[in-house]
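Worksheet for the structure shown next.
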Amino acid sequence: MENTNEMTIVFESRPVNESLARVAVAAFCTQLNPTLEEVADLKTAVSEAVTNCIIHGYEGEIHKIWVTCRLKGQELFVDVKDEGVGIPDVKKAMEPLYTTKPEKDRSGMGFTFMEAFMDEISVESKVGEGTVVHMKKAIRR
């Protein structure tokens, strides 16, 4: 039987909860026996996605963020979702150094880091409805 499992956590878009998301995803992933480097990569990518929800999606207002993890074999799928303002131009938003909040010392590297630390990333967004970042990482044995 194939190794499958799923988890969803929902939390408020407070900066303090970014670490909760990191730890929850890392703990869920341990059943695949990842390396420390794989766990660190995963935690970094999740941090960036959750931070985007807080800073850009909800612009500092308190709303819900959903993080869903699914296992299929040795692959981990992570979706980070908000129901915030949405992204008018996803392609532009994913360009390195692009930021809509330079006054907040945002580096514009969030999506770039996610792409560097995960095997695949895609973004779905509708203005006024929110954004989902889909990430995938194969955990090597």
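The values are calculated or read from the model by the stated rules, or taken from the named source; none is laboratory data. In this text the structure is predicted, and so the values were computed from the model without any measurement. Please note: Cβ atoms are built from the backbone with ideal geometry, for glycine as well, and neighbour counts cover all protein chains shown. Protein only, heavy atoms only, side chains kept; ligands, DNA and RNA dropped before computing areas. Shrake-Rupley method; radii C 1.70, N 1.55, O 1.52, S 1.80 Å.
Shown here for the range 30-86: GluC sites (Glu not before Pro) in loop regions (DSSP other than H, G, I, E, B) with at most 14 other Cβ atoms within 10 Å, namely 59, 61. Think of each Lys and Arg Cβ as +1 and each Asp and Glu Cβ as -1; about the Cα centre, that makes the dipole of the chain roughly 200 debye. Contact order for the range 1-139, expressed relative to its length and based on alpha carbon pairs under 8 Å spaced 6+ residues apart, stands at 28 percent.
Every helix of 4 or more DSSP H residues in the chain counts as -39500 (n - 2.57), and over all residues that averages to -9000 deg cm²/dmol at 222 nm.
Could you give the C-alpha radius of gyration of the range 1-68 expressed as a fraction of 2.2 N^0.38 Å, taking N as the number of residues it contains? Rounded to two decimals, the normalised Rg is 1.18. Once the 1.4 Å probe is applied to the protein heavy atoms, the chain comes out at 55 Å² accessible per residue. Here the accessible area of the range 9-70 is 55 percent carbon and sulfur, with a 1.4 angstrom probe and all protein chains present. Here the alpha carbons of the chain define both size measures, Rg and Dmax, at 14.5, 51 Å.
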